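Engineer: One structure, as structure tokens, below. Some questions next.
The values are calculated or read from the model by the stated rules, or taken from the named source; none is laboratory data. All of these numbers come straight from a predicted model, not from anything done at the bench. Note: ideal-geometry Cβ built from the backbone for every residue, glycine included; neighbour counts use all protein chains shown. When the accessible area is computed, the model is the full protein with side chains, heavy atoms only, and any ligands, DNA or RNA have been set aside. Shrake-Rupley method; radii C 1.70, N 1.55, O 1.52, S 1.80 Å.
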Amino acid sequence: DKSNAYSQEGTAMTGVYEVGFQPLFLSFDGGFYMRDLYRAVPMDLALFAVACPVTGSLFFWHTKSLFLTLFGLLQIILALPISWALYTFVLGLESFPIINLGGVFIVFSLGADDVYVMSDKWKSTRAIMTRASTTEVAIKSLPSAITATLMTSFTTSIGFFATNVSDIVCIRLFGTFCGLLIAVDYVLSVLLLSP
């Protein structure tokens with residue numbers, strides 16, 4: 001019976017239900033319900049509120065550039081609503097499981113990686129080409145930085161999209177959202193950081 005694939009008679013485990021593409025959540029012996037998930041959201045939002053200034057401080061410490069710090073944070077933050085819009089309006093996915101909020105922390109880590117790779121490639125090229133103009137340094141450093149971040153973002157995004165083979169709806173939706181987040185973050189890093 002697909003409507004209650006994980007139900008076990010005689011136990012309090014109710015399982016994961018799939019109604020169309022709308023997932024419901026697990027309940028093991030009355031210990032984990034939707035209300036518990038919604039209680040966790042404020043803590044996750046507080047962690048997000050801490051992640052922004054911590055990431056920004058590390059950006060500034062590493063790059064020594066307020067411009068790169070602000071645009072690095074902007075690329076990460078903009079990836080969230082753009083990915084949600086693609087998820088909802090382009091892909092037509094109506095269900096947004098709460099696990100998708102974990103993608104915030106994933107995009108922060110991979111978005112920060114893009115900033116560091118581009119910044120380090122620029123610094124190393126500038127150290128070699130001390131008399132070169134900014135344009136010459138950009139021509140030399142940005143293609144390899146963009147390629148390096150493309151490879152890491154592409155493989156990570158494909159890994160998340162690969163979760164669509166799962167029978168568990170929440171895992172599929174999480175993988176789809178995170179795959180979109182990583183792809184959008186990469187595009188934004190190229191558009192905002194490389195010019």
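Engineer: Give all pairs with beta carbons closer than 6 Å in which a residue from region 50-61 that is over 10 Å from V115 (Cβ atoms) and at pLDDT below 90 meets a residue that is open to solvent by 20 Å² or more (accessible area, probe 1.4 Å) and in a helix (DSSP H, G or I); count only pairs at least 6 apart in sequence or on separate chains.
Structural biologist: G56/L73
Engineer: If you don't mind, another one. For region 55-76, which positions are under 19 Å from G103 (Cβ atoms) and either hydroxyl-bearing (S, T, Y) or in contact with a strand residue (DSSP E or B) (Cβ under 6 Å, 6 or more places away or on another chain) (or both)?
Structural biologist: T55, the sole residue that qualifies.
Engineer: Could I ask something else about it? Mind checking which residues of region 89-115 are touching a residue at least 40 places away in the same chain (Cβ under 8 Å) and either open to solvent by 60 Å² or more (accessible area, probe 1.4 Å) or in a loop (DSSP other than H, G, I, E, B) (or both)?
Structural biologist: Passing the criteria: L91, L93, E94, S95, F96, P97, I99, L101, F105.
Engineer: Residue pairs, Cβ under 6 Å, 6 or more apart or interchain, first in region 130-146 and in contact (Cβ under 8 Å) with a residue 40 or more places away in the chain, second surrounded by 14 or more Cβ atoms within 10 Å (Cβ to Cβ) and not small (G, A, S). List them.
Structural biologist: A145/V117; A145/M118; A145/K121; I146/V190
Engineer: Output the qualifying pairs, or none if there are none: Cβ atoms under 9 angstrom, residues six or more apart or on different chains, first residue in region 65-88 and open to solvent by 70 Å² or more (accessible area, probe 1.4 Å), second residue among the polar types (S, T, N, Q).
Structural biologist: W84/N100
Engineer: A follow-up question, please. Would you check which residues across region 151-169 are open to solvent by 20 Å² or more (accessible area, probe 1.4 Å), hydrophobic (A, V, I, L, M, F, W, C) and assigned to a helix (DSSP H, G or I) and list them?
Structural biologist: M151, F154, I158, F160, F161, A162, V165
Engineer: Which numbered condition trips up A148, out of (1) open to solvent by 70 Å² or more (accessible area, probe 1.4 Å); (2) closer than 21 Å to Y186 by Cα?
Structural biologist: Here A148 clears every test but (1).
Engineer: Within region 125-135, how many residues are part of a helix (DSSP H, G or I) and surrounded by 13 or more Cβ atoms within 10 Å (Cβ to Cβ)?
Structural biologist: 2
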